[in-house]
Amino acid sequence: MTRDIIDINDFTILVETANSTKEIVDSCHFDEPMIAVAFYGAGNVGLRMKYDGKIKEFEYTKGLALSFFADDHVICEHTVAANKPLECILIATATRNLEKLPNQEGEIFSNLLHELVHPSDHYVEGPSFYMTPEMQTVVDSVFKNQYHGKTKMLFFRSQMTVLLSHFFGQLSTLKTPSINPVEREKLEEAKTILSSNLEKPPSLSELARQIGLNTYSLKKNFKELFGLPVFKYLQNERLTTAHDLIRTDKATVQEAAWHVGYDSLSSFSNAFAKKFGYRPSQVK
């Protein structure tokens, strides 16, 4: 488990990662009332918010942007299992600091997160959605950065500002998807199937059959819920996985391309460069 804590004006930034070969539970809490936005990267950790005998659970956190209010009665609990690493960025500010935030940021919080600024309980869940590709790219860059020391902190600060801007920009135009819980669960299952079969993913019709939806509902509601089409999501998963394999010396560029289903090295390299801004050979 690693944690980087960065203070930017009246914001506290927590960048947290964890890997485990067996299930572990990590918990933390706030010392005072806070408004926070959490962004989850790779992995699919379990999340529980526990307070006064109540529990709010999140079973599918990968790619989630979640806003909430929590005070010192709330325990935030992550369950990390094998092959489901924790990657979490938390941007938080104490409620007492809202009026002091620069650049009218306090006004933005009040307008777009009104229920968090005026909480009705120890824990209040605000708007949540799955990140746009632009937000996901920022999150990926934070966990894949190769800077150290003061340069690393400077990089984190710049990316947090961009990420928070994307969050509020998306929030201001967000329409809550009208997808019932049963269908939402099937769409989340579709994400899991794609992530588990990067080399040989099912076709759209096969995927629809596996989760029990027709192809029209799968295409339409997958994009509505997760913010991007089915196979754009698959491409992002392939390239992110390949990046991890190359960065950690688990595969050569060619091996990484094959592992995630690319037969053409040039096609892989071009797609990789379009997503990350550099060629796979430049990762190291």
Exercise. Among what's in the stretch 59-83 and is within 13 Å of the chain's Cα centre (by Cα) and not in a loop (DSSP other than H, G, I, E, B), pick the residue that is nearest to residue 226 (Cα to Cα).
Key: 64
Exercise. Only residues that are of a type in the set (Ser, Thr, Tyr), surrounded by fewer than 17 Cβ atoms within 10 Å (Cβ to Cβ) and more than 23 Å from the chain's Cα centre (by Cα): list them for the stretch 247-284, please.
Key: 252, 264, 266, 267, 269, 281
Exercise. Give the stretch 182-212 a look and list any residue that's without any contact (Cβ under 8 Å) to a residue 40 or more places away in the chain and surrounded by 17 or more Cβ atoms within 10 Å (Cβ to Cβ), or say none.
Key: 183, 186, 187, 207, 208, 211
Quiz item: Do you know which residues across the stretch 26-58 are part of a strand (DSSP E or B) and closer than 27 Å to residue 105 by Cα?
Solution: 28, 29, 34, 35, 36, 37, 38, 39, 40, 49
Quiz item: If residue 41 passes every condition in (1) surrounded by fewer than 17 Cβ atoms within 10 Å (Cβ to Cβ); (2) touching a Phe, Trp or Tyr at 6+ places or on another chain (Cβ under 7 Å); (3) closer than 21 Å to residue 139 by Cβ but one, which one does it miss?
Solution: (1)
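Any chance the stretch 99-112 includes a residue that's of a type in the set (Asp, Glu) and part of a loop (DSSP other than H, G, I, E, B)? Give the steps one after another, and end with the answer.
Pass one, the stretch 99-112, residues of a type in the set (Asp, Glu): 99, 105, 107.
Within this subset, residues satisfying the condition of being part of a loop (DSSP other than H, G, I, E, B) are none.
No: the stretch 99-112 contains no residue that is of a type in the set (Asp, Glu) and part of a loop (DSSP other than H, G, I, E, B).
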Exercise. Just one of (1) closer than 25 Å to residue 229 by Cα; (2) free of Cβ contacts under 8 Å to residues at least 40 places away in the same chain trips up residue 99, so point out which.
Key: (1)
Quiz item: Any idea which of 161, 151, 132, 137 is closer than 26 Å to residue 208 by Cα and of a type outside the set (A, V, I, L, M, F, W, C)?
Solution: 132
Quiz item: Quick one: residue 40 ticks every box in (1) out of contact with any Cys (no Cβ under 9 Å at 6 or more places or on another chain); (2) under 20 Å from residue 241 (Cα atoms); (3) modelled with pLDDT of 90 or more bar one, so which box is it?
Solution: (1)
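If you take just the helices (runs of 4 or more DSSP H) that sit entirely in the stretch 195-284, which of them hold at least 1 residues that are among the hydroxyl-bearing types (Ser, Thr, Tyr), at negative phi and outside the structural domain of residue 60 (by TED's automatic domain parsing)?
Details: elements: 204-211, 215-226, 230-247, 253-259, 265-276.
Per the criteria, 204-211, 215-226, 230-247, 265-276.
Report yes if residue 25 is under 30 Å from residue 248 (Cβ atoms) and either among the hydroxyl-bearing types (Ser, Thr, Tyr) or crowded, with 19+ Cβ neighbours inside 10 Å (or both), otherwise no. It would help to see each step written out before you state the result.
Details: under 30 Å from residue 248 (Cβ atoms): yes; either among the hydroxyl-bearing types (Ser, Thr, Tyr) or crowded, with 19+ Cβ neighbours inside 10 Å (or both): no.
The answer is no for residue 25.
Looking only at residues in the stretch 169-181 that are outside any loop (DSSP other than H, G, I, E, B) and surrounded by 16 or more Cβ atoms within 10 Å (Cβ to Cβ), which one is modelled with the highest pLDDT?
Of the residues in the stretch 169-181, the ones outside any loop (DSSP other than H, G, I, E, B) are 169-173, 181.
Next cut, surrounded by 16 or more Cβ atoms within 10 Å (Cβ to Cβ) only: 170-171.
Values: 170: 85, 171: 82.
Here the residue is 170.
The values are calculated or read from the model by the stated rules, or taken from the named source; none is laboratory data. Because the structure is predicted, anything quoted here is derived from the model rather than measured. Please note: Cβ atoms are built from the backbone with ideal geometry, for glycine as well, and neighbour counts cover all protein chains shown.
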